1. Kindly indicate whether G188 is buried (at least 17 other Cβ atoms within 10 Å of the Cβ), touching a residue at least 40 places away in the same chain (Cβ under 8 Å) and within 16 Å of the ligand (Cβ to nearest atom).
2. Looking at the stretch 194-223, which of the residues that are in a helix (DSSP H, G or I) and among the small types (G, A, S) is surrounded by the most Cβ atoms within 10 Å (Cβ to Cβ)?
3. Output the residues belonging to the stretch 90-120 that are more than 22 Å from the chain's Cα centre (by Cα), part of a loop (DSSP other than H, G, I, E, B) and surrounded by 12 or more Cβ atoms within 10 Å (Cβ to Cβ).
4. From the set of residues in the stretch 131-176 that are among the charged types (D, E, K, R) and under 18 Å from Y104 (Cα atoms), which is surrounded by the fewest Cβ atoms within 10 Å (Cβ to Cβ)?
5. Select from the stretch 13-37 the residues that are part of a helix (DSSP H, G or I) and more than 12 Å from the ligand (Cβ to nearest atom) and list them in ascending order.
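The values are calculated or read from the model by the stated rules, or taken from the named source; none is laboratory data. Please read these numbers as outputs of a predicted model, since none were measured by experiment. Virtual Cβ from ideal backbone geometry, glycine too; neighbours counted across all protein chains shown.
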Amino acid sequence: MQGSGNDSTFPCLFMQHVTPDKIYHVTVMPCYDKKLEASRPDFFNQEQQTRDVDCVVTTGEVFKLLEEEGVSLSELEPAPLDGLYSSVSTQEPTSHRGGGSGGYLEHVFRHAARELFGIHVDEVTYRPLRNKDFQEVTLESEGRVLLHFAVAYGFRNIQNLVQKLKRGRCPYHYVEVMACPSGCLNGGGQLKAPDTSSKELLQHVERLYSMVRTEEPEDVPGVQELYRDWLHGEGSEQASCLLHTSYHAVEKASSGHSIRW
Ligand code: SF4
């Protein structure tokens, strides 16, 4: 459960036995666009008359708030992580495989290789095309391409991808598209680099991110607990309803542009 920033309300509801309208849900995101996303009608709970996410602040804004309060992050003692799940160790943060933008391509790729072709993929290898933000991943067997995936990050590469689609020359089964070059780690809401180049800062962030221990989502005890105890198992109607969302075109009049954060 990650990525959209609007998908993590329900464990709080169930596990702390409070209704959504009694929760003020704040997410910290690398991105200003998440504010608009949270304001979409898709994420308004009609039944409870409340939003799934009440407030989105960017990492840069958190840093600024701390600065205004005279708090320096480097001087703070690490605090234990707050855990929603009884079986999960709260001492160490963990991440997913597949980069800093959610890792969906890698997860879908491995899953598809296993389920469709019975092939176990350990390391996913990216082949850069025009630049490091447009890369391909293939699964081949006996000279045949079984899966053909790509990542296209940044509008320049997205434009190229759209051109391919328009010309009917898009060979991919799946494309991970992200608006920011280098993905979310380079999001517009991230901290700015004051005394180092933004490229160096990004490389530093990528290095730190790659050091976080990774886990397969299905192996995380909290995820198993969630499915077992709260969602009536994988593939259940409840899981489908609560974990999936859909997007609809935003009408101008109800756009989030007028919302003050
Ligand atoms: S790629 Fe950029 S715009 Fe897209 S979600 Fe990540 S930070 Fe936001």
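1. For G188, the condition - buried (at least 17 other Cβ atoms within 10 Å of the Cβ), touching a residue at least 40 places away in the same chain (Cβ under 8 Å) and within 16 Å of the ligand (Cβ to nearest atom) - is not met.
2. G222
3. I119
4. Selected residue: K132.
5. Correct list: L13, F14, M15, Q16, P20, D21, K22.
Every residue, every condition in (1) of a type in the set (F, W, Y); (2) assigned to a loop (DSSP other than H, G, I, E, B); (3) farther than 30 Å from Y126 by Cα; (4) assigned by TED's automatic domain parsing to the domain that holds R110, yes or no:
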| site | (1), (2), (3), (4) |
| --- | --- |
| R156 | no, no, no, yes |
| Y172 | yes, yes, no, yes |
| K192 | no, yes, no, yes |
| R228 | no, no, yes, no |
